[in-house]
Amino acid sequence: MAEATVFASNPAKAAVAHAHQARSPMRWLVLAVLLALLVFTLFPFFIALLNAFKPGTDYVRGGPLSIPTYLQFDSIAKFWKDADYARKLFNSTLISVTVSVLAVGISLFNAYALGIGRVRGSTVILAILLLGTMVPQESIIYPIYWMAKTVGLYDTQLSVIIVTAVLHSAFGTYLLSSVMSTFPREILEAAEIDGATRWQTLTKVVIPIMTPTLMVLGTFFFIWTWNEFLIPVVMLVSNNNQTVAVAMGLTRGQNMSDPTLQAAAGLLGILPTVIFFLIFQRTLTRGVVAGAVK
Amino acid sequence: MTSLSKVALVAGASLMLLGSPAFAQDKTFNIWWYEGADSAQGITWTKALEELKANHPDVTVNFEQKTFDQLQQSGSMILNSAEAPDVLEYNKGNATAGLVASQGLLTNLDDAYTAEGWDKVLNEGQLVLSRYNELGIYGSGPIWGISTYGEYVSAFYNIDAFEKAGVKVPATLEELTAAFDTFKAQGVTPLALGGASTSGQHLLASLAYTKADDTWVQNYQGLKAPLDGAPYLFAAQTLTDWLAKGYITKDSTGMNDDDASLQFTSGKSPMYVSGTWNLGNFSANIKDFKWGQFVIPTPKYSVGSTGNLWIIPKGSKNPELAKEFISLLLSTKYQTEQANNGGVSFAADPAGVTNPVGANASAVFAQIAAKQGLGFYPDWPVPGYYDVLNQKDTGLLQGTLSPEQFVDEIKTVYDDAQASQ
């Protein structure tokens, strides 16, 4: 089953092997490097947190790193109200969840055909799909706008869902196909001998084994869609349809930006993904190490 | 049901039937802008919209606070769809308002300009950015948008620090340099500058305008002739001189405007050259010292322009209401209101303005506009010139470009654009 995972299992194995070694200066060095990386990663969060609750007068006096003289919650409240944040949160969640389910579904079916099934020219199809993921969004946004306008989907969330799901599933198909092409043939043959149809092989054999991988893929799709900016900003005209990422633009004017409001928006913007990640991090790690333990 | 009430019902129903074609039924007026809710414009426009609402109780007013980003990214796509509002704020200039005007997406405002009496408030100088020709170039052609406020670049200064150092507000460039010297002698870096950002090129242009006459500015902004580099050479030499004498810190090379303005607001540097868009932030947040503005002394031209435009999309369902709203914004009442909120008004009633910041800013703008001295922004003539100027400006401050090389490099880009138009 080692092959049925998304990520290489070597680093995990190495980590396990390392744990059995005696304490060495190397370990401390690794720890120090990891700690430094941790501080580096957490620093933006810290800045957002520090400035989101800092009064504007403190900011203009001391800048981003100063310690606030008192805490104010106006920035958070103001951004919540001005951006109609509850609504944006709902929109983003709806779009991201739908895209993530849809894109995983499409990727799975495509990859089942391309990776396990025998499709003539599957390499060419994969190469084309990969090209699809590499094309810059800016270059396809105008045709997408025209298509959406022609079919009456401009300014609807459905347009964003369809476009984003298709774009993500191009990458998902590529990834899952390469994983499935190494799917143990013995298992598939055993299923065939037992008289399983193709549909049964997919639902009873492939999906259960692939579940951790699919979960990881779904989580990534969710986070990518959540952070998506260009497609929603172009496709969703009305404020009521917009997403969190687009609403963040409220803090940046033509010539001016409001740093404390920006920090508040940043904090509110990343919080949902952090919460989502915390909930799903068990499935994520399981997906990553699923193959390593066996 | 009694027969009487039946009659009443029928009568009522037929009245409603009769009434509906005569009265506008369930009208919705869609309006967008992206100025911040706390800015002078945002506050004033909200109040004016309230009045419009009160004047038309039968109309549902639907306002959406947009973002600059959104209209920058997809403005022409929105205007070319049924989703466009009835009236909206739009960025002035060739690449934005000019583009959508040339694409035929806007309502022509030539007739409204006189019919609504806007000509009594605005002069031709304040209409330069309202007119776009068939190529979308500003300065001539029909009126496609109306601006209701102004903006200009000036030096913000720390009044307390000036008093403490015994420095008077400079009226000439020599006095400005002398003021720098006094501060420097006292161990203070006098000028905060965002060398990698807008304020860097605005200072450079302000210095160039000290050596610019009408022909130069018109040629420069109109892309009419190859660049005459002399004013820019003077500006570049002055800037390197200031850097060498320590009037500007070496750090300003890589500094952006947010950090540079922080140098000023925290009291570290007593002067900062930037636009009137800072007024809101400074008024609200500077509590430690008194501050004021003075215009960089130039013979005529200052960096500045009229503000963003109100445009009426071609498909607007309520163009009359849209015009009424623009008229409200240009009325003395809301012009005064705007100045009182710290904004730069065209036609405020001086007696009614109690906010010193708005009163001063409006007065300064009036002076510049009266002598036709709006020199616009240095990046306007050439597409992408904003980044070119920032990049070369940084090179100049870093010392990798001499003033002569600086002028050569920006001249090459300018002349290429000029030749290929």
Subject >> Those residues of region B:130-167 which are acidic (Asp, Glu) and over 26 Å from residue B:287 (Cα atoms), in sequence order >> reply: B:134
Original post:
Say we look at region B:87-103 and pick out the residues that are closer than 11 Å to residue B:314 by Cβ and crowded, with 20+ Cβ neighbours inside 10 Å; which of these is nearest to the other protein chains (Cβ to nearest Cβ)?
Top reply: B:100
Original post:
more than 9 Å from chain B (Cβ to nearest Cβ), out of contact with any Ser or Thr (no Cβ under 9 Å at 6 or more places or on another chain) and either aromatic (Phe, Trp, Tyr) or in contact (Cβ under 8 Å) with a residue 12 or more places away in the chain (or both): does that describe residue A:206?
Top reply: yes
Original post:
Hey, among A:171, A:221, A:183, which residue is closer than 13 Å to residue A:115 by Cβ and either surrounded by 14 or more Cβ atoms within 10 Å (Cβ to Cβ) or under 22 Å from the mean Cα position of the chain (by Cα) (or both)?
Top reply: A:183
**OP:** Taking the options B:360, B:390, name whichever one is surrounded by 16 or more Cβ atoms within 10 Å (Cβ to Cβ) and over 25 Å from residue B:94 (Cα atoms).
**Re:** B:360
Original post:
Which fully enclosed helices (runs of 4 or more DSSP H) of region B:257-330 have 1 or more residues being more than 9 Å from chain A (Cβ to nearest Cβ) and either surrounded by fewer than 20 Cβ atoms within 10 Å (Cβ to Cβ) or free of Cβ contacts under 8 Å to residues at least 60 places away in the same chain (or both)?
Top reply: B:279-285, B:319-330
**OP:** Would you be able to say whether some residue in region B:159-174 is without any contact (Cβ under 8 Å) to a residue 12 or more places away in the chain, loosely packed, with under 14 Cβ neighbours inside 10 Å, more than 14 Å from chain A (Cβ to nearest Cβ) and aliphatic (A, V, I, L, M)?
**Re:** no
Original post:
List pairs: first in region B:384-398 and at positive phi, second in a helix (DSSP H, G or I) and modelled with pLDDT of 90 or more, Cβ under 8 Å, 6+ apart or cross-chain?
Top reply: none
Subject >> Number of positions in region B:70-92 that are out of contact with any strand residue (DSSP E or B) (no Cβ under 7 Å at 6 or more places or on another chain) and closer than 30 Å to residue A:78 by Cβ >> reply: 8
Original post:
Can you tell me how many residues in region A:209-245 are within 14 Å of chain B (Cβ to nearest Cβ) and touching a residue at least 24 places away in the same chain (Cβ under 8 Å)?
Top reply: 16
**OP:** Take the residues in region B:57-77 that are in a loop (DSSP other than H, G, I, E, B) and surrounded by 16 or more Cβ atoms within 10 Å (Cβ to Cβ), then tell me which one is nearest to the other protein chains (Cβ to nearest Cβ).
**Re:** B:67
**OP:** Considering every residue within region B:56-66, establish whether at least one is without any contact (Cβ under 8 Å) to a residue 12 or more places away in the chain and closer than 14 Å to residue B:29 by Cβ.
**Re:** yes
**OP:** Would you be able to tell me the number of residues in region A:115-157 that are small (Gly, Ala, Ser), within 14 Å of another protein chain (Cβ to nearest Cβ) and in contact (Cβ under 8 Å) with a residue 60 or more places away in the chain?
**Re:** 1
Original post:
Mind checking which residues of region B:41-55 are of a type in the set (A, V, I, L, M, F, W, C) and either within 12 Å of chain A (Cβ to nearest Cβ) or without any contact (Cβ under 8 Å) to a residue 60 or more places away in the chain (or both)?
Top reply: B:54
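Residues are listed down the side, and each one gets a yes or a no for (1) assigned to a helix (DSSP H, G or I); (2) away from chain B (no Cβ under 13 Å); (3) farther than 21 Å from residue B:287 by Cβ; (4) not polar (S, T, N, Q):
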site	(1), (2), (3), (4)
A:26	yes, yes, yes, yes
A:44	yes, yes, yes, yes
A:50	yes, yes, no, yes
A:60	yes, no, no, yes
A:68	no, yes, no, yes
A:87	yes, no, yes, yes
A:91	yes, yes, yes, no
A:94	yes, yes, yes, yes
Original post:
Do you know which residues across region A:232-247 are aliphatic (A, V, I, L, M) and either farther than 30 Å from residue A:175 by Cβ or crowded, with 21+ Cβ neighbours inside 10 Å (or both)?
Top reply: A:233, A:234, A:235, A:236, A:237, A:244, A:246, A:247
Original post:
Quick one: would you say residue B:185 is hydrophobic (A, V, I, L, M, F, W, C), in contact (Cβ under 8 Å) with a residue 40 or more places away in the chain and more than 28 Å from residue B:305 (Cβ to Cβ)?
Top reply: no
**OP:** With respect to residue B:391, determine if the residue is part of a loop (DSSP other than H, G, I, E, B), over 28 Å from residue B:46 (Cα atoms) and out of contact with any helix residue (DSSP H, G or I) (no Cβ under 7 Å at 6 or more places or on another chain).
**Re:** no
Subject >> Given (1) touching a residue at least 24 places away in the same chain (Cβ under 8 Å); (2) outside any loop (DSSP other than H, G, I, E, B); (3) outside the structural domain of residue B:47 (by TED's automatic domain parsing); (4) in contact with a helix residue (DSSP H, G or I) (Cβ under 8 Å, 6 or more places away or on another chain), number of the condition residue B:346 does not satisfy >> reply: (2)
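The values are calculated or read from the model by the stated rules, or taken from the named source; none is laboratory data. In this text, all values refer to a predicted model and were calculated from it rather than measured experimentally. Because the Cβ atoms are built from the backbone with ideal geometry, glycine has one as well, and the counts that use them run over all protein chains shown.
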